[in-house]
Every structure is written in C-alpha cells, then in structure tokens.
1. Looking only at the range B:243-253, filter to residues that are at the interface with chain A (Cβ under 9 Å from one of its Cβ atoms) and out of contact with any strand residue (DSSP E or B) (no Cβ under 8 Å at 6 or more places or on another chain); which one of those is nearest to B:Arg160 (Cα to Cα)?
2. Looking only at the range A:272-287, decide whether some residue is acidic (Asp, Glu) and within 13 Å of chain B (Cβ to nearest Cβ).
3. Among the residues in the range B:208-228, are any in contact with a helix residue (DSSP H, G or I) (Cβ under 7 Å, 6 or more places away or on another chain), within 12 Å of chain A (Cβ to nearest Cβ) and either not acidic (Asp, Glu) or not in a helix (DSSP H, G or I) (or both)?
4. From A:Gly578, A:Gly488, which residue is in contact (Cβ under 8 Å) with a residue 12 or more places away in the chain, over 24 Å from the mean Cα position of the chain (by Cα) and not assigned by the TED database to the domain that holds A:Arg39?
5. So A:Ala218 fits all but one of (1) surrounded by 21 or more Cβ atoms within 10 Å (Cβ to Cβ); (2) among the hydrophobic types (A, V, I, L, M, F, W, C); (3) free of Cβ contacts under 8 Å to residues at least 40 places away in the same chain; what number is the exception?
6. Mind listing whichever residues of the range B:352-404 are in contact with a strand residue (DSSP E or B) (Cβ under 6 Å, 6 or more places away or on another chain) and surrounded by fewer than 24 Cβ atoms within 10 Å (Cβ to Cβ)?
7. Suppose we keep only residues that are over 28 Å from the mean Cα position of the chain (by Cα) and either in the same structural domain as B:Glu319 (by the TED database) or part of a loop (DSSP other than H, G, I, E, B) (or both) within the range B:466-483. Which one would you say is surrounded by the fewest Cβ atoms within 10 Å (Cβ to Cβ)?
8. Confirm whether A:Arg241 is touching a helix residue (DSSP H, G or I) at 6+ places or on another chain (Cβ under 6 Å), more than 19 Å from B:Tyr270 (Cβ to Cβ) and either modelled with pLDDT under 95 or not acidic (Asp, Glu) (or both).
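The values are calculated or read from the model by the stated rules, or taken from the named source; none is laboratory data. Bear in mind that the values here come from a model prediction, so they are computed numbers and not experimental data. Positions of Cβ are generated from backbone atoms using ideal geometry, with glycine treated the same way; all protein chains shown enter the neighbour counts.
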2 protein chains.
Amino acid sequence: MSSKLYGYAGKLLRINLTDGSIKVEPLSREVIRGFIGGRGMNMRMLYSEVRGADPLSPMNKLYISTGPLAGTGFPLGSRLNVSGKSPQTGLIGDSNVGGHFSAEMKYAGYDSIILEGRSERPVYIYISDGEVELRDASGIWGRRISDAYSEILRELGDWRAQIALIGPAAEKLVRYSGIFFNLYRPAARTGMGALMASKKVKAIAVRGDGYVEVARPAEFERIVDEIEEETYAHPQFWPRRIMGTSRILMAANRLGILPGNHFKEPVLDYAFEVSGEYLALKYNVKSMSCFSCIVNCSRFFLVKDGEYSGLMGEGPEYEALAGMTARIGNSDLNAGLKAISLLNDLGMDVISTSEVISWAMELYESGALKKEEIGLELNWGNMDSVMKLIEMIAGREGFGDILADGVAKASERLGKGREIAMHVKGLEMIQVDPRGLKGYGLGFAVASRGADHLRSEPFIELSDDPKIGEAMFGEGEATLRLGVRGKGKLVAYYENICALVDSLEVCKNLAENMDLLNYERVAKLMGAVTGLDFTPEEVRDIGERIVNLERAFNIREGVTRADDRLPKRFLEERIARGPSAGHLMELDRMLDEYYEVRGWDRERGIPSRGKLMELGLEDVILDLEANGIKLP
Amino acid sequence: MSSKLYGYAGKLLRINLTDGSIKVEPLSREVIRGFIGGRGMNMRMLYSEVRGADPLSPMNKLYISTGPLAGTGFPLGSRLNVSGKSPQTGLIGDSNVGGHFSAEMKYAGYDSIILEGRSERPVYIYISDGEVELRDASGIWGRRISDAYSEILRELGDWRAQIALIGPAAEKLVRYSGIFFNLYRPAARTGMGALMASKKVKAIAVRGDGYVEVARPAEFERIVDEIEEETYAHPQFWPRRIMGTSRILMAANRLGILPGNHFKEPVLDYAFEVSGEYLALKYNVKSMSCFSCIVNCSRFFLVKDGEYSGLMGEGPEYEALAGMTARIGNSDLNAGLKAISLLNDLGMDVISTSEVISWAMELYESGALKKEEIGLELNWGNMDSVMKLIEMIAGREGFGDILADGVAKASERLGKGREIAMHVKGLEMIQVDPRGLKGYGLGFAVASRGADHLRSEPFIELSDDPKIGEAMFGEGEATLRLGVRGKGKLVAYYENICALVDSLEVCKNLAENMDLLNYERVAKLMGAVTGLDFTPEEVRDIGERIVNLERAFNIREGVTRADDRLPKRFLEERIARGPSAGHLMELDRMLDEYYEVRGWDRERGIPSRGKLMELGLEDVILDLEANGIKLP
C-alpha cells in the first residue's frame, strides 16, 4: 500500500495561539475510512479533544476542515466545515460554508486548520504554501469585515489570498457571530465567530501553489462527466443558476409556510416584491460560483435607486432574504438588502438576528415590551429601528446587549417572551414554519446543533408524492409534507446523507436536493479520488456514525429527550391561514419513531451500546460510561 | 352603445387575387361575442364560405386573423391564426404563430387579411396604413425565404415592415409547406404555405402607424399587473425564458416518450447532447420575445465550430429539435440545426418532414425500401442523405416527389408502409409517444386538424397527481399520464380552453400551461379591453362553440369515428423500454367517453342537434342537414 494519500493534502495544521507554536500532523487513514473529512473529521477531533470546557475559554478549539474533493475540480463546489463547542448552545457548534477558501487551503498543504489556546494580542494568521505566520492584528481589531478585508489584502500584497474574517460583533462576543469567507459567505450559525474571537484571531488568510492529485484520473473524469450531464439536464438547474436558494421565498409563500411576522403570517401579499424572482428581474447584475462548481447559483445584487442606491453585494440566499423581510414584517426589499449588508459587515448570523428582532417586535406589538425598555419603536417592518438595533447588538449597547446572547438567554434575562422564543437547544429557528413542513420540523427538534434544516433537509417531502414515501420508507405519509407517519425514518435517513455530504464537503443543494450522489456513486468516487476502495455499505455507515458521535457529544453535555423540543407555538397553535391552515406539529409521535429508527432509547434519546459498537465507536461507549451516562 | 370597437382594428381586409379587387368589411359585434377573434373568427368564416372545394383551387380562401389583445401591450404575446381548407388533409387547415406580424396588422388597420381567388402572375402584397398594393413577385418567385425576405425589404425600403413569406417548397405545392413569419416562425402545419402558393402570393408585408385603444385602461392595467406578477413568480418562468419549449426534450427522455427512430426508441443515450439544456449551455447567444411578451422564450443559436460553424438562427423549439434529432436517429446536434435551417429556408413543416423521412428510414432499415428506389442510403441518422432528401422534397425531385404529399399519400402511392405511417387524418404525428402520455394521445385522435397536440394540450396530466384529476374531473386517473379513465373529460375540457386561447391569440404555453388565464379572468379582460361585458359562462361557451364548428366542418367533409384513429403501432405494440414500458393506447374506451362528454354520437362522432342549438349554431344544423347528414 502506497503511503501517499490521494485527494487529500494529507496534513493537519494545529496552531496554538497561547504560545504561538505550530504543529503539523499527518492525516490518518483511519479518520478517512471512518469519517471521510470535513464535518466528520471535525466531529471526531472535537469529541475527543474538547470536553466540559467553557466554549469561550482557551480550552475550546476551532476546527476548519475540508474534504477529499476540494481543489480536485469536482463540479459540485468545494465546501468546508467550521466546528467547535458552540458559544451559543454549549453543544455541537458547526457551520458549513462554500466559496474558494477550501481549495486554497489544500493548495497551501492542509486539510484542516485547528486553532487552540488564546493569543494575548489580536493576531491574524497567514498561511502561504505551508508556511504559517501569526501577524499583528491590533490595527484591524474592531474594524468591519469589508474594511479589515481590504486592509489585510493591502498588507499582504497577495491578491490571490483567500481570507476568512470575523467582524466587530464577534469581538464583542455576540453569541451568534460568524466567520465570513469571501466577504459574503458566513459560517455563522452556532457562534463560530465568537469562538474565533475568543482566541483573539481576527482573520485567516491562505494561499498555495500546490495541487491535489486524484488516484485514478480516468475513472474520476468519467464520474465527473456523468454528474455534469445530470446537473445540466436537471429540471432545477436553471432556476438554481438564476436564483439560487432565493427562489424558495415564493415557493414557501405558495405553501403557506413563510415565517411572516415571527411565524404569525404564513402567506404574504408582498411576497413577490421581496422574492428571488424579483431580485433576478430587477436587481441581479452577475453570477458567481464556488470553486469548480458548474451551477453558479450565487448572484450579485445592485440597488439601482432610492436611499440605498449603489448598494451591492453577493446573495442574498433565502434565509437572509426571508429573515430581513417576511420574518420582521418588512416589505421594502431595498431596506432588507441594506440590513443584510450591515449584518455581513458587522459579522452576525442573519437567522439568529432575524429571530431576536422579530421576537422583540412581537413582544413590542403585544405591549409586553415598551419603547423605553428598547430605546426604539419596534413595530413590524420598522427598518430604521432594525438598522439601529443591529448596530446596538453588534456593539452590545443597551437593549442590544440583551439580544446579543440569543433569544433563549434574552427571554430568561428579561423574564418574558419565553414561550415565543423560537429556538431549539438555544439555536434560533430558520425561515420556514414546521407546522406546514413536518419532516423539517422533526429535523429541527433533533438536529445536533439546534433549530436548523441543514442537518437533515428532507426536501423530498416537498414532492408531496406518497408513491415515493412508499418506495423509500414503506410509508406514503413520509413524503407528504403534512404527513406524520414515517417522518422518523425520513429524517434519520436524510441526517445520515447530510452528514456524509458535509464530510465530502460538496454542496447539499446539489448533491442531496438534486439527488446527484447516492451511496454507490460516493463509493465509486472515493475509490477514484483516494485509491482506497469503499463499499456502498461502508459509505452509508459513515453518515450514521457521525450523527451518533454528535449525539454522544451532546449527551455528554447533558442533552436528553426534553431538549428535542420545538417552540410552543408550533406544538399548540394551528396555522391560521393559507394552504397549510389548521396544521400543527405532532412532535411526540414523530420523536418516538425517530428514536426507534436510530436505536436510541425513547426516554432519553441516548444511543444504545449496540448501535455504538456497530458503528465502531467503542471509545465513545467507554467515555460516556466514564461520564456516568448509562447506555441502553 | 358606442359604435367604436375597442381592442380591435374593426376591419377585415379581403383581397381578391383573381381580379385584384380589395374589399374592406366591418368586424361585426356578433362575431366578437360568439368567437372573439383569431382562430374562432377564421373558423366562422371558413365554415360559411368554403365548402367542398379542392383546397388548391381558387375557391379555397386563406384567412389570417388576430385577436383583441395584439398590439395592446398585453404581456402574453400576440399571435395569429392562418386558416383555410387544408391542402394536406382536405379538412380544417389551421396554424397559429407568434412574433410581431399581428400587432403590425392591427396598427395597419386590420384584424383579418383574407386572400381569395388566384392571381395570374406571382405577386406579393404590401399593406401600409390601410393602403393595399399588389406588387410583382416574378423576381422573387422560386427564391428561398431568407433571400426573398431581404429582397422585399430592399424593394420596399421600409425596414419596419413585418413580412410573411412562402418558400420554394410551397411553390412546388409540397403539402406540408408553411408560411414563415419573421423568418423563423412557421405557420406550417396543414399546408397553409401551399394554399398561399396556389393563389400565387409569395409574401405579405405589413406596416402601420395606428394604435389599438382599450376601453377601460385602468382595469386593463390592473389585470396586466396581476398577470405579470404571476408570470415572474411562476416556477416555470426561468426554465421557459432560458430554454423555451426545447426543455421538453430531456423531460420526454425522462418519461420515456421520445419518438426516437420513428417511435421505436423512447429513451436515448444521446438525449442530453441534443437537448435544450445543451443548447442553452453551448449554443445560445441571445433571446427574443414575441410582441409585448415578457417571457422572451425564443433563443438564437450559433454553431461555433465544425462543418456548420457560423450557422445561426432563431429557436429551435422542441418539435423541430426532436424532429431533426431523435425521430430520425441523429445524435449530431450541429447537423440537426443545419437541417432545421434548411427547412426554414425552403419553407416546410419540420414535424411532417421528420415523419416522412423517419418513416422512409424505418422502411429502408427493414429492407422494405431499397436504395435504388430512394436514390440514397437512408439509414438512421444519415444526415448527408437527410439534407439531400429535404432538397429533393422541396423540389419534388425523384423520391422526394412521393414524400412531398405527406406520409399518408406516400404510403398509398408506394403501396407499402401504410401501417407505420404515423399520421391522423393525413396530418403527421408530433414528437411524443402517445402510449406514455395518453391524454395527449386521445387529443391527437380527435383533433380537428389531425395528429397534433395544440388543439388540446392536456399538460396537466404531466403532474401525474390524481388529486388534481379528482378535483377537476371527479376522476383521479384523468391526471395520471398513464391513466385511461377520465381522459375524455380531460381532453374535451382542454380543447375548449385551447380554442378560447387561440381566439384571444395569446400564447398557449403561458396562458394554458402556466394557468395564467381562466374563464373569470378572460371575462374581465374582455370587458376591460372591449368595453363589452362577458360572463365567465359566455366565455366558456366560446371555446366549445369553436370546437363544435370545426367538427361540423370536418363532418361535412366526410369525417366519422373511423377517422379518429391513431396509427397501429400505438394501439397494438407496447412500448419496449424505459419508464413507460409496457403501455399502449386504449383508444376506443377513451373515445366513447370523449363523445359522450361532447354530446356527439358514439357511432359517428357527430354533434347532436341539441348541442349545436345550445351553442347557437342553428345555421350549422340546417347546413349539415342540407348536406344529407343526419344529426343525432
């Protein structure tokens, strides 16, 4: 067996900020076999290396890893995962991002960059063809992302460097601050920005002239050709190329599952005026792709008139678009784009921000929160106040300081609005109403990082076709969006797929939603790229292994079934209007089924010894037991 | 009541070619009330004015009419119908076309142009702001379409003139020759080109500086705004803008209903390489719209390398694309585009041409037709021979003369291949296999102009969603593409809609497939445009009235149930491969249901007296009875 690791750079870079030491470790074949890369690799390290620590202490670590495909020219994008213990939830912290950084990392010689300890003074890291330099960041600490970005580029004089940065919000330890790649691509969920800030690292710039070799080029090329043809011929190709995820807004409006006015208005009469269609027709000026992706789903908008005339930026994607329009009752697209730009520049997660603001708006509108407490009038759609409030959160000024810790802590601290705080496990809800998309709803409840769709994204329930559910899960309701039975199977299935896709670091929108990868193809692809033979069964197990490892991490931190909940509104109030009217989430029935499919116990949701052994996670069994957790 | 007819030019132009006389008639309110315009108006005149005549004799007439919306700025395109007794079928001859001609006609002062008699010498007609001139066409008679087009423009020195032309094929009375608008937009089904040629008219050029007034502009604008928003927000908007109908090729391949190798190969491994997706990615250089349409679904291709490098043209639409690739076994897209361009320049219908050639290819491949009989080797995909054969048909040279009369007459004349001659009532089949799309199949069998989808286009069966069929027709199978029950209701319903849409002269792809018009909206629209109030029920009846009138025309010409047939292959052979494998057309059961829904008798398919009276077609009752036809 050759010692060369095809497809990978083969090295992990550990940077200890406390003493400035650098360690380069070889990437082990066992990690590849068991976890592939990216998210899986991060989770393997996180579980073993970070335990019980305060997320903002030097004991926490920040893991940035990509997979075997980044930099090879594989056509579904090159993504990476940023992971650590979440400053927001205290549980799995993890965020996935596209762009051009991951390929550059590998060209510079590394599959992973791991930040440990804490620096005394602000620094930024410059990695150039294997060389690592910690540079003084005192001059840019406190500066906004676009500004700091330009400054670093100027300083380095290296115009091809890829840069990931944090903004002022992260430096103030806003719990939902992010790390921003290529200016507009945030790894922002679960507060990875605050974690990076806690280490006093303002940015990571990376540049490399290396390359990535694949083991069997002809075979690799054949798979690439097949995927390219399927992509171009896919019915969703053009809508995705033109609108990216922004097209979801009109689709959600049609289904009556928009989060209008903090999940009170599922259908909006101004939906079209804030839609991806409208952007494509009136605002978009060019499109762009992640490294080596053929879809080019990213668009640049330009505001052509009015107060914000001249404002330009990449995106927005659906979550940002709906978050700064529908969720906060705002029908003014220009103002919504301005707010998104502000969040990108201050470095905050738009989903969590949209929740804390719309939550405060609902309290304000009901009279439970007064103007005097906030310092602003906060009626629906009041965008002047929204802009001010965003600045206040980023600077932790006044009422902004309360919102800066997220909606769960804010409702505790204020002693009101607990029941309408839309989060799971401390992470704020995304922009669809789970009552009208029940598989997604179950996914939010059980996701290892909180209320989020990207752990499972069971898009297939949008087919509303029982024949598919029957064929895949022996249960037609599984693929009816308002169905209940079979959702446990559905979510578990797609959680495994998503963990696999995140470890390959390809794009979920393409690989999963467009059904371009399946276990057989992944096995073939891994063989062609790495030269290591995988069976489809081995590949299938990898996803399940990662999901169980993440669950074990959360269990070790104290999670039980009681945390796998949804906010009360979704469980007890029926949707009032529109195509999903009358529905609510029948969560407990779905949870029972889900745990059963997972091999976790029904009372606590803890993985069984048998399941963990089956997945080769014997060390986790010993570790959990050593932590006093009884395994079923 | 005002005498002004809002929305219409208000005048019909009759040109008698025999003596060169011109007659201008007022458009009557009764015609508008009963038939709206366009196809309906043509059919009303055709039924009354043309009876029993040889289609190529001076007794036949050519009707070109548009509707109340052309030239108003209404956003779904401005179409027109060209009608007459078909030289190909001897029955209803009719073809619908978009572009810019119809608006210009109305600006020049006419809703209809009617050609009567026959000129001695070749002429072309120049209509400029009401003035009509018959000009000598001896110099351009015999010349190809692009060439004659340039010559006329040069001669007129009127660069804004819209021109409809026939090519050399029409002059040779090829039975499936067409009239070409804006160079690339053929009204080519049922041989309208041969009909125009029989009158010795090479072209019609039209130019006007008038305008069209709508009765209630604010109300009109409100409806337009609604439709524009729905169009832009429609999930099919971007695929249609990017690919037009060419996107159907991949969809048909996915469903296993392509007409590969003369309906023997429903799935093709080279489908992507000849698809609309491939054109959009590799060939398309710009897009264009019909007059005042907002979709811009028309594309221009440019061949960038190889033998045909530099070849450019508008389109192709699906029928042409599949006809010059899949149907004749050709995987070379460049050669397919060349063949389509040749047909456009010679002035022939691509659907009928694709049938006569693929039919001859099947006979050649089976050994039933020899190289000596054809003068060419005619194996699948032999594009050198295809190009030569197209020229031979257009010039009626050798074997081409046999094919020039269409597949029905060719099989009679040759005394072979009758059973595999893919036509209904003498009109060649379009590019989908009815065995895998059964509502379409029934539509082909009963369509008044022969084997064609545009009389009914029951696209909704592509949803494959029984809930829709249940809701619309009380029969879930109606909207399953492989279902049988309910197809009579489905086809009758959409035939009525299509007749209405063709009389409004808006685009079927948008109005019908994208569900942008319904009876209520059409009633409102007619009110806003014309100032005449219509109820939704009146509007609904118009479609049914037109369908019955067309049926009565065909009945008068001798059509019975025996003519409502499909070729034997679809009735007796099952699809061999792919997602539709095992299916055939259960035509008789569907026909029984269809006649019943229509109120036509089961034995002959003749409209009942009651049905004709209900629709206000009393003159038709008297006329049919005078022709010795017993009405049920």
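1. If we take residues in the range B:243-253 being at the interface with chain A (Cβ under 9 Å from one of its Cβ atoms) and out of contact with any strand residue (DSSP E or B) (no Cβ under 8 Å at 6 or more places or on another chain), then B:Arg247 is nearest to B:Arg160 (Cα to Cα).
2. Taking the range A:272-287 as the starting set, the residues that turn out to be acidic (Asp, Glu) are A:273, A:277.
If we keep only those that are within 13 Å of chain B (Cβ to nearest Cβ) as well, we get A:273, A:277.
Yes - at least one qualifying residue is present in the range A:272-287.
3. Of the range B:208-228, the ones in contact with a helix residue (DSSP H, G or I) (Cβ under 7 Å, 6 or more places away or on another chain) are B:208-212, B:214-216, B:219-220, B:223.
Filter again for within 12 Å of chain A (Cβ to nearest Cβ), leaving none.
Within the range B:208-228, not a single residue is in contact with a helix residue (DSSP H, G or I) (Cβ under 7 Å, 6 or more places away or on another chain), within 12 Å of chain A (Cβ to nearest Cβ) and either not acidic (Asp, Glu) or not in a helix (DSSP H, G or I) (or both).
4. Numbers: A:Gly488 fails: over 24 Å from the mean Cα position of the chain (by Cα).
Result of the check over A:Gly578, A:Gly488: A:Gly578.
5. The single condition A:Ala218 does not satisfy is (1).
6. Quick first cut of the range B:352-404, residues in contact with a strand residue (DSSP E or B) (Cβ under 6 Å, 6 or more places away or on another chain) only: B:352, B:355.
Selection gives nothing.
7. So, considering only residues that are over 28 Å from the mean Cα position of the chain (by Cα) and either in the same structural domain as B:Glu319 (by the TED database) or part of a loop (DSSP other than H, G, I, E, B) (or both), the one surrounded by the fewest Cβ atoms within 10 Å (Cβ to Cβ) is B:Gly474.
8. On the way: touching a helix residue (DSSP H, G or I) at 6+ places or on another chain (Cβ under 6 Å): no; more than 19 Å from B:Tyr270 (Cβ to Cβ): yes; either modelled with pLDDT under 95 or not acidic (Asp, Glu) (or both): yes.
Spelling it out, it is not the case that A:Arg241 is touching a helix residue (DSSP H, G or I) at 6+ places or on another chain (Cβ under 6 Å), more than 19 Å from B:Tyr270 (Cβ to Cβ) and either modelled with pLDDT under 95 or not acidic (Asp, Glu) (or both).
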